[in-house]
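Take a look at the structure set out below.
Please treat every number below as a calculation from the coordinates, not as lab data. If you're wondering where the values come from, they're calculated on a predicted model, not measured in any experiment. Because the Cβ atoms are built from the backbone with ideal geometry, glycine has one as well, and the counts that use them run over all protein chains shown.
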Amino acid sequence: MDSRLERFTVPERVTHWLVAICYVYAGLSGLALWSRAMWWLAPVMGGGENLRGWHPIAGVIFALLLAMQFRRWAAQMKLDADDRKWLAMSGRYAMHDEHGVPESGRFNAGQKMLFWLQSTSAIVLFATGAVLWFPEVMPRGLRLISILVHPLAAVASMGGIIVHIYMTTVVVQGALHAMTRGYVTEGWAKSHHAKWFRQVTRQ
Ligand code: HEM
């Protein structure tokens, strides 16, 4: 039988799923507050007036948890020369033709790009969200910029998360198991993250 390798530790998994829960709440409540067409989400998220109070609080908790995830993973998410080549050849990866595509470390270049997109959009959401939370003490110009930029950053972030959920639940079989149970088989590690497999098994 294929041996197992630990892919995500308990603190990594707990932080990731708490980030995900806060993100979904902040994202759906934000959509309800943003557009009348999405107001039907309000009762599901705790009701109209509650929503105005809870949306920024969920956003702050999300930002704090994401900062913990950032501290843990940032050093591993730096792009190297192989990652840049991987990105240039990502069309092949998407077509399941990995001939000539460099092997990946613990995270492939696509995952690293998601990490940086989420980190950057979270900073923008946090800063513009703070302006919108306390409009009475903010200059008018800053309020106008935030009204425009806050939803734009949310849309960019949500686009990335939709791709992320699709990749980790539908495309890459076994990835969800790694984030729920914490381990993968050696065969999975070898085929998806060959460089990481060699590092952890010293082969
Ligand atoms: C809401 C549903 C979500 C699901 C089902 C999900 C699923 C997963 C899975 C299965 C992995 C492990 C992939 C692997 O084995 O390499 C993972 C990793 C990760 N997740 Fe999520 N995730 C979700 C939400 C989020 C959110 C909201 C964020 C950040 C805002 C996030 C950020 C990350 C990052 C940075 C990684 C490591 C790199 C990567 O695998 O892309 N995830 N996620």
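Relative to the longest principal axis of the Cα atoms of the chain, helix 109-133 runs at roughly 10 degrees.
Work out how much length Ser119 to Met68 would gain on full extension: take 0.36 nm times their residue separation and subtract the Cα-Cα distance, in nm to one decimal.
Gain on stretching Ser119 to Met68: 17.2 nm.
Set the Förster radius R0 to 25 Å, insert the Cβ-Cβ distance between Ile145 and Glu49 as r into 1/(1 + (r/R0)^6), and round the FRET efficiency to 0.05. Between Ile145 and Glu49 the formula returns 0.40.
May I ask for log10 I(q)/I(0) of the range 80-130 at q = 0.15, 0.23, 0.26, 0.27 Å⁻¹, from a Debye sum over the Cα atoms as equal point scatterers with solvent left out? The computed values of log10 I(q)/I(0) come out as -0.49, -0.80, -0.93, -0.97.
With R₀ set to 30 Å, the beta-carbon distance separating Leu79 from Asp2 gives a calculated FRET efficiency near 0.50.
Modelled this way, with points 7 Å down the Cα-to-C-beta line, the labels at Val137 and Tyr183 are 5.1 nm from one another. Taking every Cα-Cα distance in the range 10-125 and sorting them into 10 Å bins from zero, the calculated P(r) comes out as 13, 33, 26, 20, 8, 0 percent. The mean sequence distance of close C-alpha pairs (under 8 Å, at least 6 residues apart), as a share of the length of the chain, puts its relative contact order at 29 percent.
For the chain, give the magnitude of the charge dipole about the Cα centre (Cβ charges: +1 Lys/Arg, -1 Asp/Glu; no others), in debye to the nearest 20. Dipole size: approximately 260 debye. Per the Debye calculation on the range 4-201 with a single equal scatterer at every Cα and no solvent contribution, log₁₀ I(q)/I(0) for q = 0.10, 0.14, 0.15 Å⁻¹ amounts to -0.50, -0.89, -0.98. Rounded to the nearest 0.05, the FRET efficiency derived from the C-beta distance between Leu176 and Arg36 at R0 = 45 Å is 0.80.
Against the chain, whose longest principal axis comes from its Cα atoms, helix 140-166 is set at around 30 degrees.
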